[in-house]
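Working notes, structure below.
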Amino acid sequence: MKSRSALLMLAALATTAATPAFADAPSLRKQGSATQLIVGGKPMLIIGGELSNSAASSAAYMAPHWKKLRAMHLNTVLAPVAWELIEPREGRFDWSSVDAMVRDARAADLKLVILWFGAWKNSMSTYVPSWVKRDQARFPRAQGPNGQGVDILSAFAPETLKADQRAYAALMTHLKAIDGTQNTVVMMQVENEIGMLPVARDYGPLAEAAYRQPVPADLVQYLTQHKASLVPEMQAMWVERGAKTQGSWEDLFGEGDAAAEVFTAWYYARFADQLTMAGKAAYPMPMYVNVALNRPGRAPGEYPSGGPLPHLIDVWKAGAPAIDFLAPDIYFPNYVDLVGRYKRPDNPLFIPEANNADNAAVPANAFYAYGEHDAIGFGPFSIDSVDDAPGDLAKAYDVIDQLAPEILAAQGSNRMAGFKPRVLYDETVVYEPQVRDIGGYRFTVAYADIQRPVAKPDTASYGGLIIQTGAQEFLVAGQGITVTFKPIGDGPALVGIDSAFEGRFDAAGRWVPGRLLNGDQTHQGRHISLPAGDWQIQRIKLYRYR
C-alpha cells in the first residue's frame with residue numbers, strides 16, 4: 001500500500017503531465033563572442049557544485065544538504081541519475097529518486113544539472129541495471145587484445161545503444177512532464193567521463209570488424225573542412241602524415257595507440273551523439289559530454305582512452321554534432337592551460353568538476369573561468385562534503401553571486417577579464433603579472449604585495465576579475481591581487497583614482513558602498529589592492545590628467 005505522501009506526489013505529477021502548457025526549454029544563445037545559458041527566457045550563470053557520486057541516490061542523505069548548499073551561494077547542483085535506479089527491470093521505470101531530487105532542489109531554490117550515469121561512468125559500466133550486467137550475449141563487454149573482458153560495455157553493440165537510448169529518452173520525457181513548466185533542470189550531462197581502459201581500444205569481435213573498415217568518410221570530411229584550425233596534435237597526427245582522405249586508421253593516423261585512440265574516440269562520439277539525439281527528441285535542452293583528462297607521459301588506456309580529450313576534440317566535434325559542448329573535469333594544477341583548450345568558438349566553456357570542493361585554488365579558478373573565458377558555469381566536485389565548513393568557497397561564491405548580472409552583461413564583449421597565476425603541471429607557480437586592456441586603460445595585475453613582488457606558496461589561490469561598467473568605471477573583485485593602470489590611446493598620459501569604494505550588491509542588485517579607500521588602502525592613489533584572505537568587490541572610478 002502506498003503512503004499518503006507518495007499518493008499525493010503521484011497525483012501532482014499526473015496533473016503536471018496532463019497540463020499542455022510548457023515553458024520554453026533551457027537553451028543556448030550567442031551574446032557577442034560568448035554563449036549563454038538561457039533559462040526562462042533570461043541568461044543564467046551557473047554557480048555550481050557537483051555532488052559526490054552516491055549522494056543523490058538517497059533523498060534521506062540529501063535532505064540536510066539542500067539548504068546548506070543554497071546558503072553557500074550555489075544556484076545549481078550537479079547531481080547524478082543512475083540507470084540502474086530508474087529502470088531496475090527492463091521496460092519498467094521507477095521515478096521516485098528523480099522526483100524527490102527535483103522536488104527538493106526546487107524547494108531550496110536550486111537548479112539542477114543532471115548527470116546521466118548510463119552505459120558508462122568513469123569509463124566503467126557499474127551503474128547499468130542488473131539485467132544489463134548479467135546478459136553478456138546481448139550487452140557484450142569490451143575486450144583486451146587477449147580476449148579478456150573488462151567491466152566496460154562495448155560501444156559497438158547495437159542492443160546496448162538501443163537500451164541506453166530508451167532509458168535516456170524516458171528520463172527526458174519524464175523531466176518534461178514534471179518540470180517542463182518550471183525549468184528546475186537546466187542542462188544534461190550525457191554519460192560520465194567516457195573512455196577505454198586499460199588499453200587504447202576495444203578488441204572484441206564487433207570492434208575488430210569496425211577497425212578493419214576504412215576510416216569513415218564523415219570523419220575525413222570534417223578534418224578536411226577544418227584542416228586549418230585542427231588542434232596541434234591532430235595537425236601532427238593527420239596533416240603532417242599527408243592528410244590522407246582514405247585508408248585504414250593506421251594509414252591516416254599512425255601505427256599503434258595513435259590510430260587506436262582516434263578509432264575509439266570516433267565510436268564513443270557516435271554512440272554519445274545518437275544517445276543525445278534520442279534525449280533531445282523527447283525534451284530538447286543543452287547537453288554536454290565531460291572528460292577525464294590525461295596525465296602527461298601516459299599512454300592511451302593508462303588514462304581513459306578516446307574521451308573528448310584536448311588532442312581528440314576534432315574527432316568528437318566530427319562524430320557528435322548533436323552534443324552542445326565538451327566539458328573538462330580539471331583535477332590537475334595546470335588549470336589555466338587546460339581551460340584554454342576548451343574555450344573555442346565552437347565550444348563554450350563549462351567546468352563541471354573543477355577539482356575537489358576543498359581545494360584551495362578552486363575559488364580563484366572560478367573567477368578566472370567567468371572573467372577570462374565567459375564560462376557558462378563552474379562547479380567543484382563533492383560539494384556535499386564541505387557544506388558544513390565551506391570556507392573561502394562560500395565567500396568567493398557570495399561575491400560571484402552578487403556580480404552575476406554584471407558578468408552576464410559583459411560576456412562576449414571586451415569589457416571583462418579574469419586573472420589568476422599560471423601554475424605548471426609540476427605545481428610550479430609562474431609569477432608573472434598579467435596585463436589586459438579594458439575601456440581605454442591598461443591594467444596590470446600582480447599576485448603579491450606590489451612592494452615585494454615575490455611569489456608565495458599560496459599565490460596559486462589568488463585571483464579575480466575586472467568588469468568595465470561605465471566610461472571610466474570598473475568593478476574589481478577577488479583576493480590577493482594588486483592592480484595598477486595606465487591610459488592608452490589619445491588624451492592625457494597620466495591616470496589617477498577618482499574614487500575607490502569597497503561594498504556589495506544587495507538582494508535587489510543595488511550597490512551598497514562601504515569604506516572610501518582613497519588613502520592608505522590605495523597607496524595614495526597608486527593602485528587598487530584586494531588583500532589575500534578577503535574575497536571582496538571594489539567599485540572604482542579612474543581619471544586622466546597631465
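The values are calculated or read from the model by the stated rules, or taken from the named source; none is laboratory data. This structure is a prediction, so every number in the text was calculated from the model and none was measured. Note that we place each Cβ from the backbone using ideal geometry, even for glycine, and neighbour counts take in every protein chain shown.
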Screening Asp251, Asp314 for residues that are outside the structural domain of Phe117 (by TED's automatic domain parsing) and charged (D, E, K, R) leaves only Asp251
Among (1) loosely packed, with under 12 Cβ neighbours inside 10 Å; (2) not in a strand (DSSP E or B), Val512 falls short only on (2)
Counting only strands (runs of 3 or more DSSP E) wholly inside segment 358-477, the ones holding at least 2 residues that are farther than 30 Å from His65 by Cβ and either assigned by TED's automatic domain parsing to the domain that holds Tyr342 or touching an Asp or Glu at 6+ places or on another chain (Cβ under 8 Å) (or both) are 416-419
Of Ala105, Ala155, Ala79, the only residue that is assigned by TED's automatic domain parsing to the domain that holds Val185, touching a residue at least 40 places away in the same chain (Cβ under 8 Å) and either of a type in the set (Lys, Arg) or under 28 Å from Ser382 (Cβ atoms) (or both) is Ala105
Query raised in the report: Just wondering, is there one or more residues in segment 11-27 that are outside any loop (DSSP other than H, G, I, E, B) and modelled with pLDDT of 95 or more?
Result: yes
Of Ala217, Ala167, the only residue that is touching a helix residue (DSSP H, G or I) at 6+ places or on another chain (Cβ under 8 Å) and of a type in the set (A, V, I, L, M) is Ala167
Within segment 232-274, the residues that are touching a residue at least 12 places away in the same chain (Cβ under 8 Å), closer than 24 Å to Ile194 by Cβ and of a type in the set (D, E, K, R) are Glu233, Asp257, Glu261, Arg270, Asp273
The residue that is nearest to Gly371 (Cα to Cα), considering only those in segment 392-443 that are surrounded by fewer than 18 Cβ atoms within 10 Å (Cβ to Cβ) and among the aliphatic types (A, V, I, L, M), is Ala409
| message | Condition (residue is touching a Phe, Trp or Tyr at 6+ places or on another chain (Cβ under 9 Å), of a type outside the set (Lys, Arg), at pLDDT 95 or above and assigned by TED's automatic domain parsing to the domain that holds Ile376) applied to segment 56-73: is it met by at least one residue? | response | yes
The lone condition Asn347 fails out of (1) out of contact with any helix residue (DSSP H, G or I) (no Cβ under 7 Å at 6 or more places or on another chain); (2) among the polar types (S, T, N, Q); (3) within 17 Å of Ala396 (Cβ to Cβ) is (3)
Might you let me know whether segment 296-304 holds any residue that is in the same structural domain as Asp329 (by TED's automatic domain parsing), without any contact (Cβ under 8 Å) to a residue 40 or more places away in the chain and of a type in the set (Lys, Arg)?
-> yes
Every listed condition ((1) surrounded by 15 or more Cβ atoms within 10 Å (Cβ to Cβ); (2) over 27 Å from the mean Cα position of the chain (by Cα); (3) in a helix (DSSP H, G or I)) holds for Val215 save (3)
When you look at Arg515, is it modelled with pLDDT of 95 or more, more than 26 Å from Lys395 (Cβ to Cβ) and outside the structural domain of Val399 (by TED's automatic domain parsing), yes or no? no
In segment 158-205, anything assigned to a helix (DSSP H, G or I) and either over 19 Å from Met101 (Cα atoms) or touching an Asp or Glu at 6+ places or on another chain (Cβ under 6 Å) (or both) is listed as Pro158, Glu159, Thr160, Leu161, Lys162, Ala163, Asp164, Gln165, Arg166, Ala167, Pro205
Among Tyr331, Tyr335, the single one that is aromatic (Phe, Trp, Tyr) and farther than 14 Å from Gly418 by Cα is Tyr331
